[in-house]
Each structure stands twice: as C-alpha cells, then as structure tokens.
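S.K.: Encoded as structure tokens, here's the structure I'll be asking about.
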Amino acid sequence: MSASLETAVHPENLRRVVIDPVSRVEGHGKVTILLDDKNKVHQVRLHIVEFRGFEKFIQGRPYWEVPVMVQRLCGICPVSHHLAASKAMDHIVGAKHLTATAEKMRRLMHYGQILQSHALHFFHLCSPDLLFGFDSDISKRNIVGIAEKYPDTAKRGILLRKFGQEVIRHTAGKRIHGTGAVPGGVNKSLSIAERDELLRDIYQMVSWSRDAVHLVKQMHHQNPELYNSFGAFRANYMSIVGLDGGLDLYHGHLRGRDENGNIIFDGVDYQNYSQLIAEEVKNWSYMKFPYLKALGTEKGWYRVGPLSRVQNCDFIPTPLAEVERRDFIAFSGVMPMHAPLGYHWARMIEMLHAAEMIKQLLHDDDITGSDLITSGERGSEGVGVIEAPRGTLIHHYRVDENDLVTMCNLIVSTTHNNQAMNEAVRRVAQQYLHGHEVTEGLLNHIEVAIRAFDPCLSCATHALGKMPLQVELLNGAGEQLSTLSRSGDGSICSEG
Amino acid sequence: MVSPVLICAIGNESRGDDALGVKLLRELDAWLKAESRAEQFELLEEFQLQIEHAMDMKDRHLVLFVDAGINVAAPFLFYRAQQNDGPVLYSHALAPEALLKVYAQFYKEAPPDVYILCIRGESFELGEGLSPQADENLEAALEFGKKLAKQPQRQIWDNYCVQKPMEDFMRREDNHPA
C-alpha cells in the first residue's frame, strides 16, 4: 500500500512533464511527472492548491452566522458546508436531538445535494471519458459530444441536476446562500405545494437514477480488465455509517476498514475525530495528507467518498440501492474494490439511494411539520461531520462567551483523498505512460484517474469554463524541449 | 409565464471584487422596484453557471449575465455572447458561451439573445470587500445597467455592444482567478 514514485532518486537527470491545471475538476490541480530519456517514469506528484484562509475568514464571526458564511467557501458543494457547520453549531446551542421535522428537512436538503452533485459528475464530467474512450477524439470528448451522440443521457443529467437544485431551493429557501439549516434545527419546513411539486417528478428521478447505475454496471461487466485495473491501488477506507451500520450520508459514527475490508475502528464518535486523524505536511504539496494516528503516516492514509461508503456500510436502507450494492459487492468478489473507476459505479448507487430517500421523505408528514428548532445547555465547542458528495467533511469550531468563533478547523473530502489520488495517478503513469511518448490521450488517462475521485478544489470563484491543459517537456537542464497545450475551446497546439 | 428578461449575476460576495455582479444586481433590483419596472425582469444570483441554467434561459426575450473579470478595460465591457461552435471543455462551471451550446442541444432550438456585462475587478481575496477601483467601476456599470433596463430590446442592446469582444478574453487563463 505504501507510496512509490513519490520522490525520484536523481531528479536532476530527468525530464519534467506538467499537467497544469487538470481539466474537468474544480479549482487548481497540477500533475508533475519526471521521465528519463527512455520515457520511463521516475516520479509523479499531484499538487493541489488548497483553498487556504478559510479559518481566518470564519474566526471572529458570531456562531449563528457561520452556517451561512461557510457556503461561500465552495461554489460546488455549499450545502455540505452549510449542513456540517449547522451540525457543529447544534452543539453550541445544546441541541442534542433535533426535532423530527428539522432532522428530516436537513436530510432532504442533503440528499438533494447528493443527487445533483453526483448527476453532474457522472453525466457531464465523466461520461465523455467512459462512453467515448479515454484517448478518443478530444473534440467529441465533452458534454456536447455526449449530447450529440447520447441525447437522452445528456438530457437526463440536466434534469436530474435541476431536480436536485429544486430540492435544495425548497429546503434551503434559496438556490444559493440558503438559510434553511440554523443552529438547533431549521427555519422552514416544506409547504404542501412545495412537497407536491417535488413529488410530481421524484418517481422519474428514481427511475433514471436506476438506469444510470445499470449503465455504469454494464461498463464494468463489459470491460472488467480495464475497470478493475485502471489506476488500482489498495488502501484503507473510512466514512461515517449509520448507528445501525447502514449507509447514512447525514449522520452516524466513524468506521474505518483496512485494504482487505477488515474493520480497524468502528463506532467512533466524530466529536473525537482529532484523536483518530492527524495531518502530515509534505514539503512539495500545499495540501496536507491526513492519516490514521494509530497506523502512522506510511500505513495510515485512507480513501473517502462513494467507493468507501458503499463498501463500508453493512447495508443500504432503501430497497433499489441495496439491490445494486449487493451486485457491486458480488462483482468485487472476496476483496473490496479498490479500482478508482469503481467510484463511478458506487456514486451512481448513492445517487439512486439519494433519490429513494427523497421520495421516502416527501411521503413523510414530518416534512411539513412546524416544530423546527430545539436548544439546551450552551456549549463552547462542536464538531459537525457529514458525508458530502465527495466524502467525509469535518467542521470543528470553538466559540467564546461573546458568541464569537475563536477556532475553526475544516478537513474537506478532497484533503482526505490527497494521498489516494496521488497513488492513482502514479499507478496510471506506470501503467500507461511508462516507456511511451507522451500524447494528449495518454495524459487524459491521468486526468481520468483524478476525476474518478470528483475532487473539489474550489474556493467558490468560478472558472468561466476555462480549464486549459498544458504539458511541458524539459530536459535535465530545465530547457524546454516541446510543449503540448489544450486551450479553453479544446483546440490542441503543439510546439517544438 | 416567465419574465421576458433574465439578469443573472455570477460571483461570490465574500471574495473581494468577485462580488461586483451580485452587488450590481441588488442595486438594480432596488432601482427596478422603485421605477415600477420589476415585472419585466427576473434576477438571479449564482456562484457559477452550470448546465441547468440553460433551463432558466427558456422562453426569455433577453438574457444578461453580469460578472467580474480581470482582463477587461475599466470600467466594464458589454458584448453579446456567441455560441461557441468549437468543442468546449467542461468543468464544474460553465462559460455563458458554453451554456448557449447546452441550450441548443437540450431544447433543439436557437437560444435567446444573451449578453454579458463584465465589470473590471482588481482583487479577489477571501474576506475582502470591494476594492476602491472596483467600487468606481460598479458605479459606472450600474448606470449602464439602468440604461439597459430602460430599453430591454435586442437592437438597442446590440448598439451598446462593442463591435468585437476581445478575442476569447473570457477564456484566458489570467482573466479570472479560479
């Protein structure tokens, strides 16, 4: 499980290939690859320019503002930050148990977020690679190409995404900057009209989600050699699971498994996450590398997100998704699935589960109730953990007697996956680049591995659709030999 | 029945001048209400554009995206978005031009007339307010926005457009911090 190719022995004699930034992921990601004269790979690193400064942004603010403010940390999953912060602040107001309406409204909001995020990722960011091929014609390898060749697939992606956004709008109050969740509960429930509007479409969403699971399952069955081996590495994995061991993306306790699927810790109260997890700093990366303290830095790194969650739980508490989970586990065999492309399959199972949960909640009378907020003995410290679309999200705050935040620590999903993503790109570099001339198609293999994790490196500014890819080949003296660049409009330019 | 004109501001108000679009939208909203012109317009705030925003454009007469940008002369640039006929790369966020293409694919019809008001920003740091220069640019852009709102007609808006927008300036790497 230990990392190789992290540091070359003699980097001064090697060529350097840079993929900067990685396309179809959010924010800034850069991959550097060191090659020798025979194109043999000696070092591969994924550098992530982590969103920095959010702790200072939050410190000094009144605690009740935080669930709204943190939505501005990330334009991709603001709802996840909103809910994780609200859960942490529940401890500040002493709300040990939310009202039934509050908890179910928050869950509804969360499953809306899961649905829209997973739909976007699969249908619009990854399906071009999966349906056309990793090194297919780049001019077609995008959502417009999908819309031309698979119009129904593209349309379903848009409508699933739209539906998830509508769930968020009705539960959070607004499309963005929602205020639905507050410390101790929520500030609104669903009106009958809102509930009925969502009920009109939810059955179609469940059906389409199920079709999406079948689509990606079929890909695995048709080409197991690729899907089981591409970028595959063995790793520990972690998530919260429900108190009954079932898949629960909103609340539960922390459970971790080793690379063989054996439980290494379970039932850990996430208020104590800091006793379980530490973060290592490496001098070549801005982003920290979390690890399990008990196992140390070498053996303690782990993976989070859909691939972990679907294999970490004992069951999924919705019938259609549970059937699909069992198929997934059966396909994997005795050992857990570690292949990064398995993320897509697991992600679609979660999307189906989210759709089923939304349907279930819309049929629950509590969702239109009026008992919204509770409180108790005032606290000074709180941790909120949620399974965001990309994985475990931790918010930790301390609040002083003047109600101001004095300490804030966030560990986001992409940070948990830092080492795992590095491992994936190293395996792909070994499998596909080693000894070959570098081409755009080969470099896209690296990006496919990264995209499987759906990393969100956003700091809530928008990139205006521009994600150029630039590759530079340098000799040992650092002189540029040639460049290969892909502009925002997808055109390729080669020099040298 | 949707309002004939959609004005969508893109940006994060907690990141310095990235708030330009949102601030303009809110000022414009107040002005439209005071002038009893609000019923013609729907105003949206978004962090970033995504595929489902194509659905917000359906049945509109005019669509205006208001955003901050770096690589544009002060105080602002106003131009018409052209559907990109070439391949478009996609991330978690889309350019307005890419949205036109998504619209055309989704609805199998030509998208509405879409314009972009890009206001020059200087600093995009988390937790910062508007820079003094951006404040000035906002003032000028707001007056221009009011002018557009008084005459929400394609021919008139076309006359205000720069003849040819800076080549692909919206997609240049240094145009906007990610």
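S.K.: If amide hydrogens are placed 1.01 Å from N in the peptide plane, which non-local residues have theirs closer than 5 Å to the one on A:LEU372?
M.R.: Correct list: empty.
S.K.: Can you sort B:CYS161, A:CYS313 from fewest to most other Cβ atoms within 10 Å of each residue's own Cβ?
M.R.: Numbers: B:CYS161 14, A:CYS313 23.
Neighbour counts put them in this order, fewest first: B:CYS161, A:CYS313.
S.K.: Which peptide among A:54-62, A:157-165 comes first, and what is the full order, when sorted by highest mean count of other Cβ atoms within 10 Å?
M.R.: On the way: A:54-62: 16.1, A:157-165: 23.6.
Order by mean packing, descending: A:157-165, A:54-62.
S.K.: Excluding A:GLY382 itself, calculate the net charge of residues whose Cβ lies under 14 Å from the Cβ of A:GLY382, where each Lys or Arg counts +1 and each Asp or Glu counts -1. List each step's numbers first, then the result.
M.R.: On the way: positive: A:LYS87, A:LYS96, A:ARG378, A:ARG398; negative: A:ASP90, A:ASP269, A:GLU377, A:GLU381, A:ASP400, A:ASP403.
Residues near A:GLY382 contribute -2 overall.
S.K.: Would you tell me the mean number of C-beta atoms belonging to other protein chains that fall within 10 Å of each C-beta in A:165-172, as a whole number? It would help to have the intermediate numbers written out before the result.
M.R.: Values: counts 4, 1, 0, 0, 0, 0, 0, 0.
Across the residues of A:165-172, the mean count of other-chain Cβ atoms within 10 Å is 1.
S.K.: Please report, ordered by residue number, every helix of chain A (full DSSP H runs) that is 27 Å or longer along its axis going by C-alpha atoms and whose mean Kyte-Doolittle hydropathy reaches -0.5. Provide the component values of the computation, followed by the final result.
M.R.: Details: long enough: A:100-119 (28 Å, -0.58); A:151-172 (31 Å, -0.53); A:192-222 (45 Å, -0.59); A:342-362 (30 Å, 0.17).
In chain A, the long hydrophobic H runs are A:342-362.
S.K.: In sequence order, what are the phi-derived ³J(HN,Hα) couplings for segment B:66-81 according to the Karplus relation 6.51 cos²θ - 1.76 cosθ + 1.60 with θ = phi - 60°, rounded to whole Hz, with x for glycine and proline?
M.R.: Once θ is set to phi - 60°, the couplings for segment B:66-81 become 10, 8, 9, x, 9, 8, 9, 5, 5, x, 6, 10, 10, 7, 8, 6 Hz.
S.K.: Once you treat every alpha carbon in segment A:233-334 as an equal point and sum by Debye, what is log10 I(q)/I(0) at q = 0.10, 0.16 Å⁻¹?
M.R.: -0.30, -0.72
S.K.: Sticking with this one: Determine, for each peptide in A:440-453, A:192-205, the mean count of other beta carbons within 10 angstrom over its residues, then list the peptides with the highest first. Walk me through the intermediate numbers first.
M.R.: Values: A:440-453: 22.9, A:192-205: 15.2.
Descending packing order for the listed peptides: A:440-453, A:192-205.
S.K.: Taking the alpha-carbon distance from A:LYS299 and a cut-off under 20 Å, which aspartates and glutamates remain once sequence neighbours fewer than 8 residues away in the same chain are dropped?
M.R.: Here the aspartates and glutamates satisfying the reach criterion relative to A:LYS299 are A:GLU6, A:ASP258, A:GLU259, A:ASP266, A:GLU279, A:GLU280, A:GLU423.
S.K.: Of the beta bridges DSSP finds with both residues in chain B, what % are antiparallel, to the nearest 5? Don't skip to the answer; put the middle values down first.
M.R.: Working: 6 of 25 bridges.
Restricted to chain B, the bridges split so that about 25 percent are antiparallel.
S.K.: Under the rule a/c < 1.5 gives rounded, and otherwise a/b versus b/c splits prolate from oblate, where does the protein assembly as shown land using the Cα gyration tensor?
M.R.: rounded
S.K.: Also: Rounded to the nearest Å, what's the spacing between the alpha carbon centres of segment A:70-117 and segment A:128-183? Just the number, please.
M.R.: Taking the Cα centre of each part, segment A:70-117 and segment A:128-183 sit 22 Å apart.
S.K.: Highest first, please rank the peptides A:129-141, A:207-219 by the mean number of other Cβ atoms sitting within 10 Å of their residues. Walk me through the numbers before you get to the answer.
M.R.: Details: A:129-141: 17.6, A:207-219: 19.5.
Averaged packing, sorted descending, gives the order A:207-219, A:129-141.
S.K.: In deg cm²/dmol and to the nearest 500, what is the mean residue ellipticity at 222 nm of chain A if only DSSP H runs of at least 4 residues count, each as -39500 (n - 2.57), divided by the residue total? Walk me through the intermediate numbers first.
M.R.: Values: 17 runs with 194 residues, N = 496.
Estimated from H runs of four or more residues: -12000 deg cm²/dmol.
S.K.: Continuing with the same structure: Of the candidates B:GLY21, B:GLY11, B:GLY127, which one comes out as most mobile in a Gaussian network treatment of chain B with C-alpha springs shorter than 10 Å?
M.R.: Of B:GLY21, B:GLY11, B:GLY127, the most mobile in the Gaussian network model is B:GLY127.
S.K.: Still on this structure: How compact is chain B by the rule of thumb for globular proteins, expressed as Cα Rg over 2.2 N^0.38 Å?
M.R.: Working: Rg = 15.2 Å, N = 178, 2.2 N^0.38 = 15.8 Å.
Scaled against compact globular proteins, the figure is 0.97.
S.K.: Let me ask something additional. Antiparallel versus total DSSP beta bridges in the protein assembly as shown: what percent is that, nearest 5?
M.R.: Values: 59 of 83 bridges.
Expressed as a percentage, antiparallel bridges in the protein assembly as shown total about 70.
S.K.: What is the spin-label model distance, in nm, from B:ALA34 to A:ILE192 if the labels are put 7 Å beyond Cα along the C-beta direction?
M.R.: Roughly 4.1 nm, to one decimal.
S.K.: Inside 10 Å of the C-beta atoms of B:43-56, what's the mean count of C-beta atoms belonging to other chains?
M.R.: Working: counts 0, 2, 4, 4, 13, 11, 3, 10, 12, 13, 3, 2, 5, 2.
The mean count of partner-chain Cβ atoms within 10 Å per residue comes to 6.
S.K.: What FRET efficiency do you get for B:ASN159 and A:THR179 if R0 is 45 Å and r is their Cβ-Cβ distance, rounded to the nearest 0.05? It would help to have the intermediate numbers written out before the result.
M.R.: Values: r = 41 Å, r/R0 = 0.92.
So the FRET efficiency works out to roughly 0.65.
S.K.: Moving on to the next point. Using the count of nearby Cβ atoms within 10 Å as a rough guide to exposure, how do A:LEU307, B:LEU99, A:LEU320, A:LEU404 rank from fewest to most?
M.R.: Sorted ascending by nearby Cβ count, the order is A:LEU404, A:LEU320, B:LEU99, A:LEU307.
S.K.: Going by the alpha-carbon gyration tensor, a ≥ b ≥ c the square roots of its eigenvalues, is segment A:267-417 rounded (a/c under 1.5) or, if a/c is not under 1.5, prolate (a/b greater than b/c) versus oblate?
M.R.: Numbers: a/c = 2.45, a/b = 1.09, b/c = 2.24.
Taking the square roots of the gyration eigenvalues as a ≥ b ≥ c, segment A:267-417 is oblate.
S.K.: Ok, one more. Subtract the Cα-Cα distance of A:ASP403 and A:LYS155 from 0.36 nm times their separation in residues, and report this length gain in nm to one decimal. It would help to have the intermediate numbers written out before the result.
M.R.: Values: separation 248, 0.36 × 248 = 89.28 nm, distance 4.69 nm.
Additional length available on full extension: 84.6 nm.
S.K.: Just to check I understand the Karplus step: with θ = phi - 60° and J = 6.51 cos²θ - 1.76 cosθ + 1.60, what whole-Hz values come out for segment A:263-280, glycine and proline as x?
M.R.: Computed from phi, the couplings for segment A:263-280 are 5, 10, 7, 7, x, 7, 5, 5, 4, 9, 4, 6, 7, 9, 10, 10, 10, 9 Hz.
Read-outs throughout are calculated quantities, based only on the coordinates presented, and are distinct from any laboratory measurement. Small disclaimer: the values here were computed from a predicted structure and weren't measured. Virtual Cβ from ideal backbone geometry, glycine too; neighbours counted across all protein chains shown.
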